[in-house]
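Novice: Structure incoming, see below.
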Amino acid sequence: MTDSTGRIILHLDMDSFYASVEIRKRPDLAGKPVIIGADPKHGKGRGVVATCSYKAREFGVRSAMPISHAYTLCPHAVYLPPDFPLYVHASADVMAILRIPGYPFEQVSIDEAFLDITARGSYPEAEKLARHLKERIRNELGLTCSVGIGPSKLVAKIASDFHKPDGLTVVPPETVTGFLAPLPVRKIPGIGQKSESELSGLGIRTIGDLAAINVQVLLARFGKGGAGLQELALGNDGGIVAERDGPRSVSRETTFEEDTDDPRILGAALDELVRDVHRTLREDGLRFRTVTVKVRYTGFVTKTKARSVSHYTDDIKTIASTGRSLMNELLVDRKIRLVGLRLSGFETRDSRQRTLEL
Ligand code: DCP
Ligand code: MG
């Protein structure tokens, strides 16, 4: 296991990222409910919410909610379609501020990154750096973010989410247990609805409950993974901050105007997604090994299936045939609302090196 003693990790996550970038472009929208996502079509729209401003969240609107539901909660909001190139550009500006020579850096998504700032020497010094970064992002980019600092990536990430928006939460090692204990287990990244309800069945609701339970109970319920779960509850994830070699996945999805089980419509939609992800793959010079297909059925139940091929490739025929066979496996006696396609398992600099050495 990685020795994580004495590390100081910073996690930064932009506030309502897509919405904030749109509001920066149109200051008249400041303070208003702004929802980025599919066209709501006066409540008949079919897609989902990508994100929304904090004002819109006061009405209960959330990421990934059907846009039609958002419309019933907040019909008077300003609805905007996503402008991905604009967000990618803004993201690059943020990451440029965060790449500081001497501090290991890891971007995890379009709007979040870790920095290993152990070299700052102390938590007060780490906090000063966090304030400085927040100020630069505000002054130079006109955007706000939330920052968490702690002795592991896990604690830093939970801390950045603790006071949003525009938050700064510092959790020195001696306060980790007390900080985590009252939080629901769901706050641990990777614990989803399913694990949450399984844990709840064991009487475990908070991270403190999970930390305190006899590990044998967890081992009996979850097998070997049980001990790992308890380590997470203690704030230990063993992960290091390391630059990633490009994106971790490329994905696209499409929501149908009407739920369908017509194989021609489904096939055509998949073909378009194949062309789309393949274009991005080529533009970014990536080669993948894993194809994942996601299908959302009428009623919002969502299933995914993934398959890895034996060699790294950027071949469109491989994407198409693997995608087709995965989709066929997902066809049941039920209409489909959405189809998604994701490529992942990209070749890294390391794996390329290994290939050359063979
Ligand atoms: N996003 C998306 N669909 C989702 C979740 C997120 O398209 N289901 C996009 C839009 C978000 C961006 O990714 O702006 C970053 O995701 P976050 O989870 O960090 O959400 P926000 O930055 O929007 O809000 P928060 O202030 O809660 O971080
Ligand atoms: Mg964010």
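The values are calculated or read from the model by the stated rules, or taken from the named source; none is laboratory data. None of the values given here were measured: they were computed from a predicted structure. A quick note on method: Cβ atoms are made from the backbone with ideal geometry, for glycine too, and the neighbour counts reach across all protein chains shown. Remember, those area values only see protein heavy atoms, side chains included, never the ligands or the DNA or RNA. Shrake-Rupley method; radii C 1.70, N 1.55, O 1.52, S 1.80 Å.
Novice: Across region 264-352, what fraction of all alpha-carbon pairs, as a whole percent, falls in each successive 5 Å bin from zero upward?
Specialist: Binned Cα distances yield the sequence 3, 14, 27, 23, 16, 10, 5, 2, 1.
Novice: Filter LYS224/LYS305; LYS128/LYS194; LYS32/LYS335 down to the pairs with a C-alpha to C-alpha distance above 29 Å, please.
Specialist: Details: LYS224/LYS305 24 Å; LYS128/LYS194 39 Å; LYS32/LYS335 37 Å.
Among LYS224/LYS305; LYS128/LYS194; LYS32/LYS335, the Cα-Cα distance tops 29 Å for LYS128/LYS194; LYS32/LYS335.
Novice: Considering only protein heavy atoms, what per residue accessible area in square angstrom results for the chain with a 1.4 angstrom probe?
Specialist: On the way: 18300 Å² over 358 residues.
Per-residue value: 51 Å².
Novice: Can you list residues whose amide H is under 5 Å from ALA113's amide H, if they're 5+ apart or on another chain and H is modeled 1.01 Å from N?
Specialist: Counting only residues 5 or more places away or on other chains, the set is LEU12, VAL108.
Novice: Treating cross-link reach as a plain straight distance, find the aspartates and glutamates whose alpha-carbon is under 17 Å from the alpha-carbon of LYS25, omitting any fewer than eight places away in the same chain.
Specialist: Correct list for LYS25: ASP15, ASP83, ASP93, GLU140.
Novice: For LYS317, list the aspartates and glutamates whose Cα falls under 15 Å from its own Cα; do not include residues on the same chain fewer than 8 positions away.
Specialist: The reachable aspartates and glutamates, counting only those whose Cα sits under 15 Å from LYS317, are ASP271, GLU272, ASP276.
Novice: While we're on this one: Mind ordering 179-187, 270-278 by average Cβ neighbours within 10 Å, highest first? Present the calculation step by step, with values, prior to reporting the outcome.
Specialist: Numbers: 179-187: 16.8, 270-278: 18.3.
Ranked by mean Cβ neighbours within 10 Å, highest first: 270-278, 179-187.
Novice: I would also like to ask the following. Just need the relative contact order of region 181-328 here, percent rounded to a whole number, with Cα pairs under 8 Å and 6+ apart.
Specialist: On the way: 127 pairs, mean separation 22.3, N = 148.
Relative contact order here is 15 percent.
Novice: To continue, here is another question. How big is region 188-295 by the Kirkwood estimate over distinct Cα pairs, in Å? Numbers along the way, then the final one.
Specialist: On the way: mean 1/r = 0.0558 Å⁻¹.
It works out to 17.9 Å.
Novice: Another question, if that's okay. Take the alpha carbon gyration tensor of the chain, find the square roots of its eigenvalues, order them as a ≥ b ≥ c, and report rounded if a/c is under 1.5; if not, report prolate when a/b exceeds b/c, else oblate. Spell out each step's value before the answer.
Specialist: Numbers: a/c = 1.37, a/b = 1.24, b/c = 1.11.
Because its axes are fairly even, with a/c under 1.5, the chain counts as rounded.
Novice: Rounded if a/c is under 1.5, else prolate if a/b is larger than b/c, else oblate: which is region 175-217, with a ≥ b ≥ c the root eigenvalues of its Cα gyration tensor?
Specialist: It is oblate, given that a/c is not under 1.5 and a/b is not larger than b/c.
Novice: Hey, what did region 119-240 get for relative contact order, percent, Cα under 8 Å, at least 6 apart? Numbers along the way, then the final one.
Specialist: Values: 156 pairs, mean separation 25.0, N = 122.
Relative contact order of region 119-240: 21 percent.
Novice: Ok, one more. Taking every pair of Cα atoms in region 1-159, average 1/r, invert it to obtain the Kirkwood radius, and report Rg/Rh to two decimals. Each step should come with its number before you reach the end.
Specialist: Details: Rg = 17.7 Å, Rh = 16.9 Å.
Dividing the radius of gyration by the Kirkwood radius yields 1.05.
Novice: Treating each Cα of region 208-358 as an identical point scatterer and ignoring solvent, apply the Debye formula and state log10 I(q)/I(0) at q = 0.12 Å⁻¹.
Specialist: Those come out to -0.70, one per q.
Novice: Further question: Taking one equal scatterer on every alpha-carbon of region 124-207, how large is log10 of I(q)/I(0) by Debye at q = 0.24 1/Å?
Specialist: Cα-only, vacuum Debye calculation for region 124-207: -1.11.
Novice: Any chance you could check the Cα centroid distance between region 149-167 and region 73-120 for me, in angstrom?
Specialist: Region 149-167 and region 73-120 have Cα centres separated by 15 Å.
Novice: Express in Å², to the nearest 10, the accessible area of PHE59 obtained by rolling a 1.4 Å probe over the protein heavy atoms while all chains stay in place.
Specialist: In the full protein context, PHE59 sits at about 70 Å².
Novice: OK, next. Wrap a convex hull around the Cα atoms of region 1-56, take a quarter of its surface area, and give that in square nanometres. Walk me through the numbers on the way to the answer.
Specialist: On the way: hull surface 27.9 nm².
About 7.0 nm², averaged over all directions.
Novice: Which order do the peptides 312-320, 282-290 come out in when sorted by mean C-beta neighbours inside 10 angstrom, highest first? Please report the intermediate quantities before stating the final value.
Specialist: Numbers: 312-320: 16.4, 282-290: 14.7.
Order by mean packing, descending: 312-320, 282-290.
Novice: Which FRET efficiency value, to the nearest 0.05, is calculated for THR118 and LYS164 with the Förster distance at 25 angstrom and r the Cβ-Cβ distance? Show your work: numbers first, answer last.
Specialist: Working: r = 25 Å, r/R0 = 1.00.
That pair, THR118 with LYS164, gives E of 0.50.
Novice: For q values of 0.24, 0.26 Å⁻¹, compute log₁₀ I(q)/I(0) with the Debye formula on a Cα-only model of region 252-299, without solvent.
Specialist: Those come out to -0.96, -1.06, one per q.
Novice: When only DSSP loop residues count, what GluC sites (Glu not before Pro) in region 22-124 have their Cβ near at most 16 other Cβ atoms within 10 Å? Intermediate results must be reported in sequence, preceding the final value.
Specialist: Working: sites: GLU22, GLU58, GLU106, GLU112; in loops: GLU58.
Passing sites in region 22-124 are GLU58.
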